[in-house]
Amino acid sequence: MDMKAHILAGMREKLNEWEELLASLSEEQIHAPLLPSEWSVKDVIVHLWAWQWRSYARMSAALDGKEPNFPYWLPGHDPEAEANTDQVNAWIYETYRHQSWSMVYQDWRDGYLRLLESAEAIPERDLLDAGKYPWLEGHSLAFVLVASYDHHQEHYEKLLGWLEEQGSRS
């Protein structure tokens, strides 16, 4: 299996794990705060969706031969700057927290699939070449995909831990 196929297979597996977990949760669990945080499962999914939209913008830019067109976020704050991450996450939470679960889930799922489809369309050599896209500042598109996978994994593990603490999952 080539590297591109390996990365995409891992991402599909992560999507399946998330979908299985989300399908096992009640409406109450979806909306309950993940104490000590005020965020719920729904808010975590919105958070993942918002950040994966940036990953999709990069894949789309590669396919179109253009600079990425990132989603509009908190004005004056570069989401890429680590110092701004908490402010950007708070903005995402406040902006999307009133959306319905069905809309949040569908946006996240569709976005994840769109990210996979766009990555599929990029030749492996372009996906792995850290110098191909100057706007990635020395990173490859494969790095972007792996970072998206890692982000989903991080929140998946946190959610599993919370569910186990609540006695909601064995």
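The values are calculated or read from the model by the stated rules, or taken from the named source; none is laboratory data. Everything numeric in this text was worked out from a predicted model, so none of it was measured. Heads up, the Cβs are rebuilt from the backbone with ideal geometry, glycines too, and the neighbour counts pull from every protein chain shown.
If you go through segment 143-165 one residue at a time, do you hit one that is more than 15 Å from residue 40 (Cα to Cα) and not in a helix (DSSP H, G or I)?
Looking through segment 143-165, none of the residues is more than 15 Å from residue 40 (Cα to Cα) and not in a helix (DSSP H, G or I).
If I ask for residues that are in a helix (DSSP H, G or I) and either at pLDDT below 75 or of a type in the set (Ser, Thr, Tyr) (or both), which ones from segment 89-100 would you list? Working first, answer last.
Within segment 89-100, the first condition is being in a helix (DSSP H, G or I), and the residues that meet it are 89-96.
93, 95, 96 - these are the residues of segment 89-100 that are in a helix (DSSP H, G or I) and either at pLDDT below 75 or of a type in the set (Ser, Thr, Tyr) (or both).
Looking at residue 95 and the list (1) under 16 Å from residue 59 (Cα atoms); (2) surrounded by fewer than 16 Cβ atoms within 10 Å (Cβ to Cβ), which single condition is not satisfied?
All conditions pass for residue 95, except number (1).
I'd like the residue in segment 12-53 that is of a type in the set (Gly, Ala, Ser) and outside any helix (DSSP H, G or I) and, out of all such residues, is nearest to the chain's Cα centre (by Cα). Walk me through how you get there before you give the answer.
Initially, segment 12-53 is screened for residues of a type in the set (Gly, Ala, Ser), giving 23-24, 26, 32, 37, 40, 50.
This time we only want the ones that are outside any helix (DSSP H, G or I), so: 24, 26, 32, 37, 40.
On the way: 24: 20, 26: 22, 32: 21, 37: 19, 40: 16 Å.
Step by step, filter segment 12-53, then rank; the result is 40.
Contact list please: Cβ distance under 7 Å, first residue in segment 130-141 and surrounded by fewer than 10 Cβ atoms within 10 Å (Cβ to Cβ), second residue among the hydrophobic types (A, V, I, L, M, F, W, C), pairs at least six apart or on different chains.
Note: pairs meeting the criteria are 138/130.
When you look at residue 105, is it at pLDDT below 95, of a type in the set (Phe, Trp, Tyr) and surrounded by 13 or more Cβ atoms within 10 Å (Cβ to Cβ), yes or no?
Values: at pLDDT below 95: no; of a type in the set (Phe, Trp, Tyr): yes; surrounded by 13 or more Cβ atoms within 10 Å (Cβ to Cβ): yes.
It is false that residue 105 is at pLDDT below 95, of a type in the set (Phe, Trp, Tyr) and surrounded by 13 or more Cβ atoms within 10 Å (Cβ to Cβ).
Which one of these is at pLDDT below 90, surrounded by fewer than 17 Cβ atoms within 10 Å (Cβ to Cβ), part of a helix (DSSP H, G or I) and of a type outside the set (Ser, Thr, Tyr): 126, 110, 86, 78? Before you say what the answer is, go through the steps one by one.
Details: 126 fails: at pLDDT below 90; 110 fails: at pLDDT below 90; 78 fails: part of a helix (DSSP H, G or I).
Sole residue among the options that is at pLDDT below 90, surrounded by fewer than 17 Cβ atoms within 10 Å (Cβ to Cβ), part of a helix (DSSP H, G or I) and of a type outside the set (Ser, Thr, Tyr): 86.
Can you run down the residue pairs with Cβ atoms below 7 Å, 6 or more apart or on separate chains, where the first is in segment 52-69 and surrounded by 13 or more Cβ atoms within 10 Å (Cβ to Cβ) and the partner is assigned to a loop (DSSP other than H, G, I, E, B) and among the hydroxyl-bearing types (Ser, Thr, Tyr)?
62/133
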